[in-house]
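Colleague: Next up is a structure, given as structure tokens.
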Amino acid sequence: MKSFLAFLVAMGITVTLSDASCFTSDREPGWPYRGCMRDGKVYPLGYIERTEDCFQCHCHESGMECCSLSYNTISYNENECKLVFNKELCDYDVVQKDDPTKPCSFDYSRAG
């Protein structure tokens with residue numbers, strides 16, 4: 001119980017400092033496995049450093065808490081550029097529409 005309380009305090013501090021996108025999901029009644037399901041994959045109980053879709057999670061007996069590892073790009077030149085999600089880096093790349101191999105060379109804004 002003490003470790004769970006410590007986890008909740010740490011998550012509260014992390015969420016406050018990072019402004020990350022977080023969510024909580026409850027376990028389904030009658031769930032037969034010791035773990036949590038996310039996007040069709042069963043994760044073990046405990047800390048999950050990184051899911052396949054770029055979330056950091058904690059799986060426990062009553063459910064799962066996850067926070068996004070990526071920041072959303074909220075302001076960019078939509079006429080010349082587009083967003084491409086980079087799963088390797090868990091981040092959005094702002095690239096030129098005409099040539100997605102080239103990054104856009106202007107300022108853009110991000111939010112967690």
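Colleague: Based on what the data block shows, is F85 modelled with pLDDT of 85 or more, in the same structural domain as Y33 (by TED's automatic domain parsing) and of a type outside the set (G, A, S)?
Modeller: Considered against the rule, which asks whether it is modelled with pLDDT of 85 or more, in the same structural domain as Y33 (by TED's automatic domain parsing) and of a type outside the set (G, A, S), F85 comes out as no.
Colleague: So, of the residues in region 1-60 that are among the hydroxyl-bearing types (S, T, Y) and part of a helix (DSSP H, G or I), which turns out to be modelled with the lowest pLDDT?
Modeller: Top of the filtered list is T16.
Colleague: Take the conditions buried (at least 17 other Cβ atoms within 10 Å of the Cβ) and either hydrophobic (A, V, I, L, M, F, W, C) or without any contact (Cβ under 8 Å) to a residue 12 or more places away in the chain (or both) and apply them to F55. Does it pass?
Modeller: Yes, satisfied.
The values are calculated or read from the model by the stated rules, or taken from the named source; none is laboratory data. Predicted model, so just to flag it, every value in this text is computed and none were measured. Here the Cβ is made from the backbone with ideal geometry for all residues, glycine too, and neighbour counts use every protein chain on show.
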